[in-house]
There are 2 protein chains.
Amino acid sequence: MPLPKPVDHLAPPLPQDLVKRFSAIVGERYAITDPDDQQPYLKDWRDLYVTRTSLVLRPGSTEEVAAIVKLAAETDTKIVPQGGGTGLVGGHLPHEDGAEIILSLNRMTRIRAIDPAGNIMTVDAGVTLQQAQDAAAEVNRLYPLNIGSKGSCTVGGNLSTNAGGTQAVAYGLARDLVLGLEVVLADGRIWNGLRTLKKDNTGYDLKHLFIGAEGTLGIITGAVLKLSPAPRSIEAAWVGVPSPEASLALLTRAQEKAGPAVSGFEMMPRNLFEFVLKHMPGVRDPLAQPSPWYCLMELSSAAAGGLRETIEEILSSGFEDGLIEDAAIADSIDQRNAFWRIREGMSEVQKQEGGSIKHDVSVPVASVPAFIAETNAACEALMPGCRVVPFGHLGDGNIHYNLSQPLDMDKATFLGRWDEVQALVHGIVGKYHGSISAEHGIGRMKRELLPGVKDPVELDLMRTLKAVLDPKGILNPGKVL
Amino acid sequence: MPLPKPVDHLAPPLPQDLVKRFSAIVGERYAITDPDDQQPYLKDWRDLYVTRTSLVLRPGSTEEVAAIVKLAAETDTKIVPQGGGTGLVGGHLPHEDGAEIILSLNRMTRIRAIDPAGNIMTVDAGVTLQQAQDAAAEVNRLYPLNIGSKGSCTVGGNLSTNAGGTQAVAYGLARDLVLGLEVVLADGRIWNGLRTLKKDNTGYDLKHLFIGAEGTLGIITGAVLKLSPAPRSIEAAWVGVPSPEASLALLTRAQEKAGPAVSGFEMMPRNLFEFVLKHMPGVRDPLAQPSPWYCLMELSSAAAGGLRETIEEILSSGFEDGLIEDAAIADSIDQRNAFWRIREGMSEVQKQEGGSIKHDVSVPVASVPAFIAETNAACEALMPGCRVVPFGHLGDGNIHYNLSQPLDMDKATFLGRWDEVQALVHGIVGKYHGSISAEHGIGRMKRELLPGVKDPVELDLMRTLKAVLDPKGILNPGKVL
């Protein structure tokens, strides 16, 4: 893990006349120079990075963003664009030397337009995910992206990092939920790609260049989002299964019997569930007997009926074939929420079991069981007594492959082996043609790993695009590439 | 319409030594120099273009494609990549002067791998859409792209043009159905982006650059396709409706009640249906009384049951609210196929009503009724007696806005007004922020229209990408840009 390194030198502070020129664009009130007031913009939630800046700018419009970038291009000022600040790989933070200014989108929070008949919504980049979900729900629609940080994270950040989350199995990633973008380019021009069309084959699809580029190729200022009909029925089951193989077979069966109605499929091991039972007050085991693994399966549908029959059909056929040891179907919204609270508590409770070494990896869905078996054995051989707690979005092949420290080991000693464990896990990921960042992105944290895992031709193409779209290197330098 | 122009000069034929060097890559047998043997590679199905080439090459592997492009880059030889040759805008054809060679992917027809548990299939670019559908069906999966030319068109061509078709309303366009690509770049390097991962956030998403780029940025040689569970139930209804407004309201209602189970939603006017009744033997009107407009609505689901109830619920609620005049639900596969035959005959029968002026446009779904009303009035004012027959994929806002000639007009006189009519129609498309090419692409036919409809910033970005990815301009020159 790239723990904060001591800074050998600080960058010279931004010259006062330049601070004034940038501040004039947004107004003094929205230009933050006081280090105390800047604090909320300088942190990540794991406190991995200690960062500095001369200036935080909070533009109120796309035109102001464009004016800032134009001035930055003229004066070679480097910019870190920032949404809700919930990134997990340091992509939203300046470096320790304080050479970059921060451009926060958090004042751009307008729902610009919403069209239920067309199933589309146009929003500012600074709208939070929760706001976007709420605006859709008000017109009986669903904006289906759903991640834990939804109260803080923004649409612009979601798109810049191509966020995933728990409903991606049915609805796709943030990339799949967008029709058009508005982007400020590295020279300050505005690209108005706010298309509201489902079909448009008039040339290269530029929006995908900026989605997932973590602000290194342009700054997303607005987006046209795709909405879905609000589900009229939802069914959830908590299922005890004998193994990851059985989980995969159950997932396949569920999709064969319910197709895109399978809107969530999470998998977790018994030991992690025990952490939850131990540390989260009020959580009870929905089943009478323990199982080695669990699945949380959710179906949802715009149709009024038929879903209970479908989930029962999936479960009873799973029982018959030995894929399932025991299962409980939620009989109320409260019970469904209780199932999801178990899943959502899994990150938090690991903190209470000492040090954690974490990975956000993916492999082809069908390879998940073999990947877990091989990686578990390798980790336990490397560090006897470590507690492996791989869990996550089985439907997307996305496993948060985490290890909690051995009970008898010192936390610092354990964390000191991060790079060694990571190399082991990522090595096996590579063997399965997987990804070392399934949904969190590269940011700063994984930047140095990229050359080790990317095809050189692909890296070269990425560098070519960066060089041509941001020739002065002012947009989020030192991230991704 | 860009009718073939007389050629003022022919390009000098490719020097014999170069013909030999290119032919040696694929073997003499797969290098076609005889003009008669070349004919199948030089045509489009509307016979709009009369084209020439010195050489058609039929490589059998990605390595051979790469070797051809490398030699072309060294010798400044221009290449037209070609799939099944079913394009409608001339994107797959060389120019009249014969300066370009053709690189056909039609020998690369391997299904490389298929993984039902992971819902993925890896194929060569030259696999036909029908082959891809069949390979998926063999393992109880669905490759849901579906277009009229499926017996001839290829996966590589579908991806290069981002094909749409009748199931896009539920499953998306070709772009949405791909996880990874293999592409030969303009310098002959191979980019192996054949990812089989649902989630991978390790840098820029390069595949979307090549999808829909019509072979101008690279040559797609292989693809990883997403599969869906095969539907277990399908219901289709032929519905008479009073107006496009009612069609739109019915679509909205169907999606609210059935979500992504709405796998087809086509709309067509009575006059076009009458062309079908008149010219297609064996077609009968499924309804007793005529309606001014019709919808063909199809629901499909991986679930075994419940769909008949859902389609009945949609139709009865539509009746109650006056959205529907009459409707027939298909009671057998034969009847469902009969409904689709009506829809599929609509292009063909127009030929038998004289000259046709055609457009492939889209507007935001909610704007379709207003767009049709305004355009119909404008066309009828411009050319009294013309028969407007707008039809197509309402669920995607994609209207094939076609006009059949007035009964009392000479065909040539009518077709002579193509540019005038097109300017009128495209002008109204622009007013509704629509697209002048919803699904067919730009190719040669619409290339000169692009600067008139694209934001200059976007055009500039497209040119920048073309210049950096194909600096010598050897890949499909004179197409798109």
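The values are calculated or read from the model by the stated rules, or taken from the named source; none is laboratory data. Keep in mind the model is a prediction, meaning the values are calculated, not measured. Cβ atoms come from the backbone with ideal geometry, glycine included; neighbour counts cover every protein chain shown. Protein only, heavy atoms only, side chains kept; ligands, DNA and RNA dropped before computing areas. Shrake-Rupley method; radii C 1.70, N 1.55, O 1.52, S 1.80 Å.
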- Task: Evaluate the charge dipole of chain A about its Cα centre and quote only its size in Debye, nearest 20, assuming +1 on the Cβ of each Lys and Arg and -1 on the Cβ of each Asp and Glu.
- Result: 1040
- Note on the structure: The alpha-carbon pair-distance distribution computed for region A:233-347, with 10 angstrom bins and whole-percent values, is 15, 50, 30, 5
- Query: Once fully extended, how much extra length lies between A:R308 and A:D134, figured as 0.36 nm per residue of separation less the alpha-carbon to alpha-carbon distance?
  - Reply: 60.0 nm
- If you take the beta carbon distance between B:D321 and A:S233 as r and set R0 to 22 Å, what does 1/(1 + (r/R0)^6) give as a FRET efficiency, to the nearest 0.05? 0.45
- Task: Summarise the partner chain shielding of A:460-466 as one whole number: the mean count of Cβ atoms from other chains within 10 Å of each residue's Cβ.
- Result: 5
- Shielding by partners, peptide B:382-392 (average Cβ within 10 angstrom, other chains): 0
- Task: Give the carbon-plus-sulfur fraction of the accessible surface of chain B in %, rounded to a whole number; probe 1.4 Å, heavy atoms of protein chains only.
- Result: 52
- Message: Taking 8 Å as the Cα distance limit and 6 or more residues as the minimum spacing, I'd like the relative contact order of region A:16-104 as a percentage.
- Response: 35
- When the distances between all Cα atoms of chain A are binned every 10 Å from zero, what whole-number percent does each bin get? 4, 19, 28, 26, 17, 6, 1, 0
- Could you tell me what percent of the DSSP beta bridges with both partners in the protein assembly as shown are antiparallel, to the nearest 5? 85
- Query: Can you list the residues, at least 5 places off or on another chain, whose amide H is less than 5 Å from the amide H of B:R112, using H built in the peptide plane?
  - Reply: B:T122, B:V123, B:D124
- Residues from region B:394-412 losing no less than 30 square angstrom of accessible surface in the full protein assembly compared with the chain alone, 1.4 angstrom probe, ligands and nucleic acids excluded, are B:D396
- Across region B:332-481, how large is the tail of the calculated P(r) beyond 22 Å, expressed as a percent of all Cα pairs? 50
- Prolate/oblate/rounded call for region B:356-441, Cα gyration tensor, a/c under 1.5 rounded: prolate
- Task: Treat every Asp and Glu Cβ in region A:233-347 as -1 and every Lys and Arg Cβ as +1, leave all other atoms uncharged, and give the resulting dipole magnitude about the Cα centre to the nearest 20 debye.
- Result: 380
- Dipole axis of region A:305-386 (+1 Lys, Arg; -1 Asp, Glu on Cβ), positive-most option in A:G305, A:A370, A:A328: A:A370
- Query: Where only protein heavy atoms count, and the probe is 1.4 Å, what is the accessible area per residue for region B:111-229 in Å²?
  - Reply: 24
- Task: Whole Å is fine, so just give me how far the alpha carbon centre of region B:133-178 lies from that of region B:31-75.
- Result: 25
- Query: Counting pairs of alpha carbon atoms under 8 Å apart in space and at least six apart in sequence, what relative contact order in percent does region B:167-300 give?
  - Reply: 29
- Rounded to the nearest 100 Å², the accessible area hidden between B and A, summed over both chains at a 1.4 Å probe radius, is 6600
- For region B:30-128, the charge dipole (Cβ of Lys, Arg +1; Cβ of Asp, Glu -1; about the Cα centre) points to a positive end, and the Cα of B:L42, B:M108, B:G85 closest to that extreme belongs to B:M108
- Item | Whole-number D in µm² s⁻¹ for region B:16-104, Kirkwood Cα-pair radius fed into Stokes-Einstein, 37 °C, 0.692 mPa s | 251
- Query: Which whole number in µm²/s is D for region A:216-293 by Stokes-Einstein, with the Kirkwood Rh taken over Cα pairs at 4 °C and 1.567 mPa s?
  - Reply: 81
- Query: Is it possible to state the helix-based mean residue ellipticity at 222 nm for chain A, with each DSSP H run of 4+ residues giving -39500 (n - 2.57), the sum divided by total residues, to the nearest 500 deg cm²/dmol? What is it?
  - Reply: -9500 deg cm²/dmol
- When all C-alpha to C-alpha distances in the protein assembly as shown are sorted into bins of 20 Å, what percent of pairs does each bin hold, rounded to whole numbers? 13, 44, 35, 8, 0
- Gyration tensor over alpha-carbon atoms, region A:111-229, equivalent ellipsoid semi-axes in Å: 21, 16, 13
- What pairs in B:K278/B:K411; A:K257/A:K358; B:K198/B:K446; B:K70/B:K454; B:K207/B:K358 have C-alpha atoms more than 23 Å from each other? A:K257/A:K358; B:K198/B:K446; B:K70/B:K454; B:K207/B:K358
- Pairwise centroid distance, computed over Cα atoms, of region A:227-291 with region B:246-300, Å: 40
- Note on the structure: Mean separation of Cα contacts under 8 Å (at least 6 apart) over the residue count of region A:266-343, i.e. the relative contact order in percent, is 35
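Suppose every Lys and Arg Cβ carries +1 and every Asp and Glu Cβ carries -1, with no other charges. What dipole size does region B:131-249 come out with about its Cα centre, to the nearest 20 debye?
280
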